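Asks: I am attaching a structure below and will ask some questions about it afterwards.
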Amino acid sequence: MNTKLEHVMTTKVDSTDAVVVERTLNAPIGQVWSALTNVDQMRQWYFDLKEFKPQVGFEFEFVVEHEGTTYHHLCKVTEVVPRRKITYTWRYKGEPGDSLVTFELFAEKDKTRVKLTHTGIETFPKTPAYARKKFATGWTAIISSELKQFVESKQKE
């Protein structure tokens, strides 16, 4: 009985295709939290959001053009733990599929470890545009380059 249960749990984990990106940033947790939740700061490193509020139920959207295709993102904040965690849904207008993006912050002395987890990617259309690899590459660049450079350059100011 026990073996069967473990197998079911393992299969579930294997099939979720979550993208996880973790990086330690040379900036205090409050500064990283502001970068993740202050719309003026988000526009500088993330996406061109009209509005954003770190409040459960807050809905936001943004449009990204990539290789001639327009992707209209629709998101809704589902969880907020100030300076620790923010989660929102991530889907595309007119497309099936629903996913969750979670940013978690861990203070490590005067630095901050950021853990991004994007689950539910497998619910999107089975086309190259929505391939897990594209999300992994995109999130790695966003966390490792854009967010890292943004918060670390603010450290020097």
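The values are calculated or read from the model by the stated rules, or taken from the named source; none is laboratory data. Note that the structure is predicted; figures quoted are calculated from it, not measured. So basically every Cβ, Gly included, is an ideal-geometry build from the backbone, and we count neighbours across all protein chains shown.
Asks: Under the condition of being without any contact (Cβ under 8 Å) to a residue 24 or more places away in the chain and acidic (Asp, Glu), which residue from the range 14-41 is farthest from Val101 (Cα to Cα)?
Replies: Step by step, filter the range 14-41, then rank; the result is Asp40.
Asks: Something else about it: Just checking, how many residues over the range 42-101 are in contact (Cβ under 8 Å) with a residue 60 or more places away in the chain and touching a Ser or Thr at 6+ places or on another chain (Cβ under 7 Å)?
Replies: 0
Asks: Output the number of the condition that Val13 fails; it satisfies all remaining conditions of (1) within 28 Å of Thr112 (Cα to Cα); (2) modelled with pLDDT of 95 or more; (3) loosely packed, with under 12 Cβ neighbours inside 10 Å.
Replies: The failed condition is (2).
Asks: Here is a further query. Just the residues that are closer than 17 Å to Lys76 by Cβ and of a type in the set (A, V, I, L, M), please, taken from the range 94-112.
Replies: Those that are closer than 17 Å to Lys76 by Cβ and of a type in the set (A, V, I, L, M): Leu100, Val101.
Asks: Also, I was wondering about something else. Would you be able to tell me the number of residues in the range 106-148 that are in contact (Cβ under 8 Å) with a residue 24 or more places away in the chain and among the basic types (Lys, Arg)?
Replies: Total meeting the criteria: 5.
Asks: Still on this structure, I have one more. May I ask you to list the residues in the range 113-157 that are closer than 20 Å to Glu79 by Cα and among the hydroxyl-bearing types (Ser, Thr, Tyr)?
Replies: Hits for the range 113-157 are Thr117, Thr119.
Asks: Evaluate the range 146-156: report whether one residue or more is crowded, with 18+ Cβ neighbours inside 10 Å and in contact with a His (Cβ under 6 Å, 6 or more places away or on another chain).
Replies: Scanning the range 146-156, I find no residue that is crowded, with 18+ Cβ neighbours inside 10 Å and in contact with a His (Cβ under 6 Å, 6 or more places away or on another chain), so the answer is no.
Asks: In the range 117-157, what residues are over 26 Å from Asp40 (Cα atoms), in contact with a Leu (Cβ under 7 Å, 6 or more places away or on another chain) and of a type in the set (Asp, Glu)?
Replies: If the condition is that a residue be over 26 Å from Asp40 (Cα atoms), in contact with a Leu (Cβ under 7 Å, 6 or more places away or on another chain) and of a type in the set (Asp, Glu), then no residue fits.
Asks: Among the residues of the range 76-91, how many are in contact with a Phe, Trp or Tyr (Cβ under 6 Å, 6 or more places away or on another chain) and closer than 20 Å to Glu22 by Cβ?
Replies: 2
Asks: Which condition from (1) within 13 Å of Val19 (Cα to Cα); (2) β-branched (Val, Ile, Thr); (3) touching a residue at least 60 places away in the same chain (Cβ under 8 Å); (4) part of a helix (DSSP H, G or I) is the one that Val151 breaks?
Replies: So the condition that Val151 fails would be (1).
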